[in-house]
1. Looking at B:VAL21, B:VAL100, which one is under 13 Å from the mean Cα position of the chain (by Cα), closer than 23 Å to C:ILE310 by Cα and within 14 Å of chain C (Cβ to nearest Cβ)?
2. Just one of the numbered conditions (1) at the interface with chain A (Cβ under 9 Å from one of its Cβ atoms); (2) polar (S, T, N, Q); (3) touching a residue at least 24 places away in the same chain (Cβ under 8 Å) is not true of B:THR147; which one?
3. Answer with yes or no whether C:ALA18 is closer than 24 Å to C:LEU242 by Cβ, in contact with a Gly (Cβ under 9 Å, 6 or more places away or on another chain), in contact (Cβ under 8 Å) with a residue 40 or more places away in the chain and of a type in the set (A, V, I, L, M, F, W, C).
4. Just wondering, is there one or more residues in the stretch A:98-107 that are at pLDDT 85 or above and polar (S, T, N, Q)?
5. I'd like the full set of residues that are under 15 Å from C:LEU299 (Cα atoms) and touching a residue at least 24 places away in the same chain (Cβ under 8 Å), limited to the stretch B:7-26.
6. Determine, yes or no, whether C:MET161 is buried (at least 17 other Cβ atoms within 10 Å of the Cβ), farther than 20 Å from C:THR237 by Cβ and aliphatic (A, V, I, L, M).
7. Specify which of the listed residues (A:GLY239, A:GLY222, A:GLY203) is touching a strand residue (DSSP E or B) at 6+ places or on another chain (Cβ under 8 Å) and either assigned to a helix (DSSP H, G or I) or facing chain B (nearest Cβ under 10 Å) (or both).
8. Condition first: among the hydroxyl-bearing types (Ser, Thr, Tyr), within 14 Å of chain B (Cβ to nearest Cβ), surrounded by fewer than 18 Cβ atoms within 10 Å (Cβ to Cβ) and over 26 Å from C:PRO91 (Cα atoms). Can you find one or more residues in the stretch C:172-179 that meet it?
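The values are calculated or read from the model by the stated rules, or taken from the named source; none is laboratory data. Fair warning: this is a prediction, and the values are worked out from it, not measured in the lab. Positions of Cβ are generated from backbone atoms using ideal geometry, with glycine treated the same way; all protein chains shown enter the neighbour counts.
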Amino acid sequence: MNLFDLLLGTPLITAVIMGVIGHTRIATKINIAASAITLVAALGLAYQVLQQGSFTAHGQAFFLDAYNVFLVSLTAFVATTTAIFSGPYMMHEQQIGRVTSNRLRLYHSMFQLFVFGMYLALTTNNLGVLWIALELATLATVLLVSLYRTPAAIAAAWKYFILCGVGIALALFGTILIFATSSEVLGHGNDALTWTLLYDNAGQLAPGVMTIAFMFLLVGYGTKVGLVPMHAWLPDAHGEGPTPISAVLSGLLLNVALYALVRCKALVDGATQGGLAGKLMMGFGLLSLLVAALALHRQRDIKRMFSFSSIEHMGLMTFAFGIGTPLANFAGLLHMTVHSLVKSGIFFTVGHAAQAMGTQQIINIRGLVNHHPGIGWGLMIGTVAISGFPPFGVFTSEFLLFTAALHTHPWAVVPLLLGLVVAFAGLFRHVQPMVFGAVPDNAMPININMLPVYVHLGLALILGLAIPAFLADWYQTAADLLHGAAR
Amino acid sequence: MQPALLQQWVAVAAAMMLLVVFALLAQRHMRALLRWFALQGVVLALTSALVAFVANVPELYISALLALILKGFLLPWMLWRIVINLGMHREVEPLVNVSVTLLIGAALVLFSFYVSLPIEKLSQLVTRNTIAIALACVLLSMLMMITRRKAITQVVGFLAMENSLFFTATSATYGMPLLVEIGVAFDVLIAALIFGLFFFQIRKTFDSLDIEHLEDKH
Amino acid sequence: MSLWIWNLIEALLIIGIAPLMTAFVKKLKARLQNRQGPPLLQGYRNLIKLFARQPVLASQASWLFRAAPYVIFAATALAAAIMPVILVDTPLTAAADIIALVALLALARFFTALAAMDVGTAFGGMGASREMTFAALTEPAMLMSIFVLSMVAQSTNITAMIDMVLTPELTLRPSLAFALAALVLVTIAETGRIPVDNPATHLELTMVHEAMILEYSGRYLALIEWANQIKLLLFATLILNLFFPWGIAIYPYTTAILIAAVAWLGKLLVLFVLLALFETWMAKMRIFRVPEYLGLAFLLAILGMLTHYILEVGV
């Protein structure tokens, strides 16, 4: 059986199995094993793309090129480490009574279904199926956000459902508009929604319709990326769910939504030759950066604070892809990778910290370095990494972004720097007392596994210091591919 | 029948869709709301069948049948069961200033006409006039979601929006490929199921389905 | 020259038949409520009785109070003369368009309200304020629905509008359906029927129109009542001839005119049966709900306009 079927089939079958046995002790091991199998499949597929370039599978239904195969690998990797982290974490939650065995079954099967949805979205060649897969991923996580059944969690999940539902409906309208103009060129069948064919024939699509379609797609998929002003659901959803879910939502789902947006931008650039799509993305990206950086200061809940940091970084990435030059695309792709790794690492750490102190309120978490040095140092280093300090990868990608911006839009460097500085100040002002403050009395000893965190941070460090040659080539190919449309 | 008359039948169907969406906006009783929602599903199916006949696209008949079964019968029935189980079928939503909402709705119709003009100019389809109406139905359903107080009317607004998107696909493109239509319908069904589960959770935690209780807690 | 005579005959027809039609509606409603109801000619007998009586005026009534009934009757009768009933193209119809018709009816309403306030009674003021509030909402709705028709017909001349609907090819226009719905709702409000206003009420606090004419007696009351009956018949004819004009005579040949008269009476009977059924079925709305009802009429008219532009004009 080929690697591709393995990639898609494993999560789907595991989801079904978990629906039955997800509450047993062995479930966490199965979770890890299934994720590891998909990781192997993903790496195999990446190797294939490296060797022979992009290829399609199952006729023209699925498509793997440099851009999405690295995202697939990243998703598989973070899913595996999250599964490793979630094992002891959810066991602890079950012990203290925050989840029942029914809900644990739901958790495990929805986790796998969510991962399946993401793989489907990343590898499909059909814009309609892309929409369906993203919606599926959203639906799988809605019930997980409300897993703890507290008033705040249910309110957060409802907000998530409604706002993302509306957003994604607008994205469907944009997809319909693309189909409206492409069906006149490619016929009234699945061909008119196939990305590879659309990309090749982009010049023949009507520019006016494509522009309007992109505006709807930007607002629609942008809601799922967390761009301001459509971000209202994000802090709640990422803050109230169980920590592994916050990690994958922040680290993976936002990436997949941005991936969908950038794929559509490539089509629109080919059709309009005007650069409006890029300008819109830059505007939204900058706005998200500034608003999120300011909002960081006012947060009282640690997870909400870091989810605003996610909004800020997604804004940076959107800005990078909006600029559209190969250098900017490279920066964006690198940033996607390191942000995923560092942010999920941070969320793991935060999850442990919250468990240790029994609360998520920043004001009640103090002196981590004294009673749980692993967590304390992990949090400090993670915050340093995500704020863009060298030698971590985030510094590299931001530096590249500034360089690219200086080439094309020098005026943008000032607000970018401003946003980054404000965000850094906000994060540190909250994290510093959490790590180094006076120790309170109610710290609990817990069984923690900091290995995933260290692995993630280590990878981010490597990517910052010395990107391996094959990876750099990979990014470069993808960057050129994305730029190529805007001839 | 001459093509001009066929186009007028399509225009009549579109006007009916618009009327049904406005009626949905103005309802205050749960029972009446769900009846109008079911009617929207039926009108949608009839419109799709009409477009299938006018434009000679046989695939659309299947979509129309799917729409009839799912959106005309299954979804309203599911919602009705939930409403009965939660004991809400006698409840009336408090007045949310219907007149102002309806006038905003009329302004939205004008706005969607303006947005759809370039698309309509380029389209060659028989149904091109109705693209503006379809977009208006989408925006009106969204207005419904924003201006309502009870969770279940928000859900009806969401489902009405999905119906309007189906109508948009029919009018702008003679319907999306069947695979995509089935996938979207499947997604909507799952969403409705999850909504149902949600209502019970919300009821259990808040003892009411008023959105005010779900408002910002931070 | 003969066209003027036909016009006069038309006007006299409306003015003369109006009391009969109102009595017909009353009789139908009574029958539906299992009563006998007043005989069909009672309307005429009431008018004759009132004309014979001497009017009683309040001591502080001004010249306006005495002049108003004549103005009201004259304006309504003139509006009736403008409306083509059985012949499409009459001289007055060519001279005055539908906006003039609406303006004449507004003039009549204006004088009614002034007269109501003239004597200074509480009920007069209440009736006048209610009437004017409703008028502020019905006028836009009525004009908007008429504009839909004018847009489709490309003219505000009633003859042109009727000609447009009479075209031989079958054309379906959803905008006209919306305009018809709006006009029906407006008619019920303008003529003071249930569910907006109960014409048979004797409880002053529930009155809208009756409260304004409470002080009138004798020939003044006769003129105002007659004008009211003409108004109902006028609106009914407006709806029928603008939306369902089939049967109307295009040229003044006697046979065509006779057919037109029969068709008109037939359609009126159907319309009034529907009106009686509707009035018996519905209950009167509370006053504060009427603006919502009129807002619905306005919305339907706007929808008619929008669907006309979006669906029928084409790109």
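1. B:VAL21
2. (1)
3. It is true that C:ALA18 is closer than 24 Å to C:LEU242 by Cβ, in contact with a Gly (Cβ under 9 Å, 6 or more places away or on another chain), in contact (Cβ under 8 Å) with a residue 40 or more places away in the chain and of a type in the set (A, V, I, L, M, F, W, C).
4. No, the stretch A:98-107 contains no residue that is at pLDDT 85 or above and polar (S, T, N, Q).
5. B:ALA15, B:MET16, B:LEU18, B:VAL21, B:PHE22, B:LEU24, B:LEU25, B:ALA26
6. Criteria not met by C:MET161.
7. A:GLY239
8. Scanning the stretch C:172-179, I find no residue that is among the hydroxyl-bearing types (Ser, Thr, Tyr), within 14 Å of chain B (Cβ to nearest Cβ), surrounded by fewer than 18 Cβ atoms within 10 Å (Cβ to Cβ) and over 26 Å from C:PRO91 (Cα atoms), so the answer is no.
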